[in-house]
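Down below is the structure, laid out as structure tokens.
Nothing in this text is a laboratory measurement; each read-out follows from the coordinates by a stated rule. Bear in mind that the values here come from a model prediction, so they are computed numbers and not experimental data. Methodologically, a virtual Cβ is constructed for each residue, glycine included, from the backbone with ideal geometry; neighbour enumeration extends over all protein chains shown.
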Amino acid sequence: MKGRSRRLKLLNGRRRHSLSPSASWIAPFILALICWSALSPVAAWPFDLSLFSGSKASDTPAVEMVLQAPSLAAPGDAVNFSCTLENRADSPLHKITICDRYGDLGYWEEIGPGQTVRAQGRTAPLQESAIVDVTAYSQGQLLAREEAHIKVIAAGRSALQAVVEVPSGDRSRARYKITNSGETDLHRIRVADSQGKTLGILARLDAGRSLPLITTGPVLPGTRISALDPAGDLVHGSVTMLAPTGGKAPSGFGQADESQQPPAKDLTVMSDPQPEASLEGVASQEEDVEPTSSPAAIEEEPQADPVSLDHGIEIEIEANRTEGRRGEVCVYNCTVRNTGEDVLYDVELYCQGHTTTTTFITPGRAFVAEGSLVIDKSSEIRAAARARDAQNRPRQVTSSQPVWEISPRLSLSAQASPSSLPAGEVAQLTLLLENNGNDPLTDIQVNDSHGTLGRLPALPPGTAQSITVPRAVTGSVDEEVMASARDSQGQYIYAFSPLSIHVYDVGLSLQAEPAEVVAYQGDDAEILWTLTNTGEETLHNVTLEGQNEAWCRLPEVAPGQNIRMAATLSVQQSGPVRILARAVGSGDRLVEANATISVHAIAPNLSLNVMPATAEFCAGEQINLSCLISNDGDDVLKSVVLSQKDGSVLARAGDLGPGEFVLLNPQLLLAGNRTLVIQASGQDSRGRTWTASDTVNAKLILAALDLKASASPEAVALGKKTLIRCQVTNRGSLPLYNIFVISKSFGPLGSLDFLPPKRSKVITAEIAPPQDISDTITAEGFTSSKSPVVQRQELRLRVIRSPSPRAAGSGDGLIVDPPLKVTAANNTTESPASPDSPPDSAYVSPPQAQAEAGSGNSVVAGIKKLVLFIQGLLTGQAASGEQEQLGVKSSRELPYSIKILDVAAIPPEPAAGQPVSVMVHATSEARISQVILEFGTADPGTTGSDMLSVRRSEKIELTMTGGSPENGYWSGNIPGQKQGTFMVISVRVTNPQSMAEDGPYMIQWGGQKQGSRRPASTTTATASAGRDGMLYIESTSVSGTGSVSIKDRFSESTISFEEKLKGHGNINIETLRCVDKQADVVNFSQDRDLSFEGGVLKGFKEFDSPTFHGGLGASITERFNASHIDKSEQGMIRSFNARNNTLAYDTEQAFDGSWNTRTEYARFNKKIKANQKYTGSFQTQKKIKFED
């Protein structure tokens, strides 16, 4: 069926030009169109029979309203339409408004009787078929309403190509192979020379097809080919020249490879063939096509296998013209082609009564029979071909090409007024018909590529009559109009006339330099505007408007003219500035163009805070400064440098964005007292340098003591002892003598005879505190000149008098006896300032003071013993026995001390079966090599005073999860235990030179279910019934149009949430928000669905967990500024005992505008920052979670 479908398509495309002298021309034409429409409903018509979608109609007989709009458009086109309103009443109409669904098209105070007004409009870019609806009102009352349907043709661009071949030895004619390689069908394909003279015309060329065309006369450079697409727009193609045999193509043509053709046997050139007098032999779409006077061999062809009769064989007829005057010659070629995959044998080609044969044709090859026809009347060229395939199955195909005679008895002149106009305007076509003969003509009809333009019933001899037809023009027209008429004998005669309409562009462009302006707030910026008339007509009354005022007015701008104008813009705030250019073209057509510049008003600022404000240092020591540099402005600061006032650079911070900060820790070595001026500087985006400064008073200290006191354990049972450790360091440059360490509550703890500079020693003493004590430890020494040097430190001791009452299986949580969280003062060892210090320190334990402490007289007894001890030291008479009586023993300096800063259990109140995570924060001057967690099960009745005796047989080595080996965090997990289990834990930290311990602590597994928010029992002493609780639930649903302003804030010591929404437009929002606070648990959650359009919506949101990771804090911030947004989000903040913190945010959105997220976990030099911003049209999804 391949050959048949192609043949039928060819016949369908040419059917409307067929001539039957023995029958009416109009009836077969209309019948063929009706059949075609019924069989092919999608693309039934080869041309548009109705150019205007609107029609004349009105709701009131006093007015007539006509809406004109093109019926076809390409995707993305904005279509122009016009509407005319005529007052046919005897009285005037007042306050008339013509509008479409988007706004007013025109307004008139009065329209007099018989007066006509006209309004124009333009649709938005169309992506699918649409309806233009125009309504006219008079004083608010409906006058008339019209609709026009515009169909959008979703097709690709057509591609038209022609390859020219000049036969060898005959330069008087040429063969064109015309190919439509596009996706849309083309009609009225016209080949013309450089002067515009028509060389040949094809009525139709389907997408993906090729057809031949033969022209007479030499082929000259400048040959052009054009066609009309389904929308009526002119499509231009390319022409390529094939070099003749033994020669070169003429200059001005492209080159193409010449295809080989198989040799033909008995090729006859037909001369003076007899045209057929009838088209009755051309079959309809349901029957095979056979020539009416074919050779006998073809007539006897059996009709077997009708389905595959034309498979693999194709016939083409190409002619140099399809119409001409009597006596002119039509030159044609009849080509049979093998389009299948098998060889065709015994091929016979019949063309106008002559037969040519060849033995075979291989796939893809063809052979040609040539001939000519002297036009003496309208007729057609007929051809038929027959062959057999390799299986001896017959193949047969036929075709025809009509040729019209241009009669001198009928003349046609087609003109358009105006002949040049902009797209979308209406041209009046004037068709002048004249009967030049002596015979009356009837049934006169004028057609173009779009269908019938007009009809006349009769035209007497020697008379002329014109037809005026309006046409909305969307593209240039270059075609021929055909007129047909019937003479007195019933024969049809024809006349042709060229029709050309030039559609010119009307356009205006506006450009701004620069496109982006960055200036300080309040400054003026100069903008250069370039206005260009990009169309082909002069524009009048050109106006530039911006910021609600007219900037410039020009009387006119010629086509192609560029006008450059400078304007000064006062920068007050950031945002886009839009300038609109308006002009008026012919017919009061409004032409607009706009340009937008981005204005960024900057207000940079830089701040500096240096700590400490007063720095004390000893000779040879460096001053450590903490310098916090913050960008408090709204512009990025580049190459930020920290320096002294004299210009010496201390550190470089790089670039700082708005709101960012950096902490620098420079070290300075000074020789004496001095006031330091520290300065930070950076450059903004315009190159201006911003500075900030701060001062530090540096004081040189010759003699200084450092004292660090701690107790281990910090809490003891009544009657039990605790070990007090005091580390004394000489920070100065002078040696210190007779250093005494005295407790305000227990008296002297020990003394040192001598402590050289930059050395430290440790004094320990065992004390049994009688009650909770807030003690002050004082260390005082003397220089060689007897000048005193004093240092003090506070120390707290806690006494546990009795165990806390507990009910079996009560489910209370962590038992802190002593408390689980210990401060930095709870250290066990201290290190020397230098590893070279001599081992000459002392160990002091005042047993008598402890004995008297039980009688409540410890201070007095301590002072007495101190006086005796000092006297012995001064006189040198203190015997070794006395020293032993005072408890003075030799000790050693402890190098590379370890500090256990924090021990935490998460969760502190575990449920039955729930594992517990233990986290340790420790520091050391040397690398910490190992952190061990020791734990063991205790009896249910174990109290705080009995914890030391509990055997901790299980050990777990903790893993470092953050920081460094000198200052880091270690963690590990204790397996979950059954309900009511008591467990004692302790921590041991070691480095290659020393070791430190902390604990013991006790943990109890309760009966609460894991993951439950509320206690399982309310009868225990730790139930939340005795604590403050709160539950807040908010559900919001809003839908509507208008202004939106939302400001929400929820704040606790452990969580913070803030949100702002502001804008104007169409909004749909659903929000569910919950705050649940009980005991030490705070939960905040929010779920939201948001949809917004028709305006601008600005949003800000921040989730903040200030207690995250021991107070480092974590936050998630979101900002958006969108004209359209569809958003779904979930956010949550949770804090348990201010230690177990979770911060999560999950969001999905599609938006047009800008969207920014900022994630931050930072305190000074510990930073995790992520800042992402998207501007445009995006679909995004983001999930963020912090958990400690």
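Side notes on the structure shown:
- Full-extension gain in nm, D753 to S598, via 0.36 nm per residue minus C-alpha separation: 48.2 nm
- For region 606-701, the convex hull drawn through the C-alpha positions has a volume of 75 cubic angstrom per residue.
- Using θ = phi - 60° in the Karplus curve 6.51 cos²θ - 1.76 cosθ + 1.60, the 3J(HN,Hα) couplings for region 109-126 round to 5, 7, 10, x, x, x, 7, 10, 10, 9, 10, 10, x, 8, 7, 6, x, 8 Hz; x is entered for Gly and Pro.
- Distance between the pseudo-spin-label points of R409 and D133 (7 Å out from Cα toward the beta carbon): 5.4 nm.
- Residues in region 1091-1111 reached by a label modelled at R1119 [backbone nitrogen below 11 Å; 7 Å Cα→Cβ]: 1099-1101
- Estimated inter-spin distance, Q489 and T1175, nm [label 7 Å along Cα→Cβ]: 8.1 nm
- Most to least packed among 907-920, 738-751 [average Cβ atoms within 10 Å]: 738-751, 907-920
- Ordering S643, S774 from the fewest to the most neighbouring beta carbons within 10 Å gives S774, S643.
- Over region 668-766: Rg over Rh, Cα atoms, Kirkwood Rh: 1.28
- Charge tally in the Cβ shell below 12 Å around I932, where Lys, Arg are +1 and Asp, Glu are -1, I932 excluded: -2
- A straight chain from R792 to D376 at 0.36 nm per residue would run longer than the Cα-Cα distance by 136.6 nm.
- Computed over neighbours whose Cβ is under 14 Å from that of D655, the net charge equals 0, Lys and Arg +1, Asp and Glu -1.
- Convex hull volume of region 407-504 per residue (C-alpha atoms, cubic angstrom): 77 Å³
- Counted by neighbouring Cβ atoms within 10 Å, the residues S378, S1085 run from fewest to most as S1085, S378.
- Antiparallel bridges, percent of DSSP beta bridges restricted to region 407-504 (to nearest 5): 95 percent
- One equal scatterer on each Cα of region 1090-1188, no solvent, Debye formula: the resulting log10 I(q)/I(0) at q = 0.18, 0.24 Å⁻¹ is -0.82, -1.19.
- Amide H contacts under 5 Å for V636: S685, restricted to partners 5 or more places along the chain or on a different chain, H placed in the peptide plane at 1.01 Å from N.
- Taking amide H atoms as placed 1.01 Å from N in the peptide plane, the amide H of Q115 lies under 5 Å from those of N87, each 5 or more residues away in sequence or on another chain.
- Ranked list, fewest to most other Cβ atoms within 10 Å of each Cβ, for V577, V677: V677, V577
- Amide H contacts under 5 Å for N594: L510, A581, restricted to partners 5 or more places along the chain or on a different chain, H placed in the peptide plane at 1.01 Å from N.
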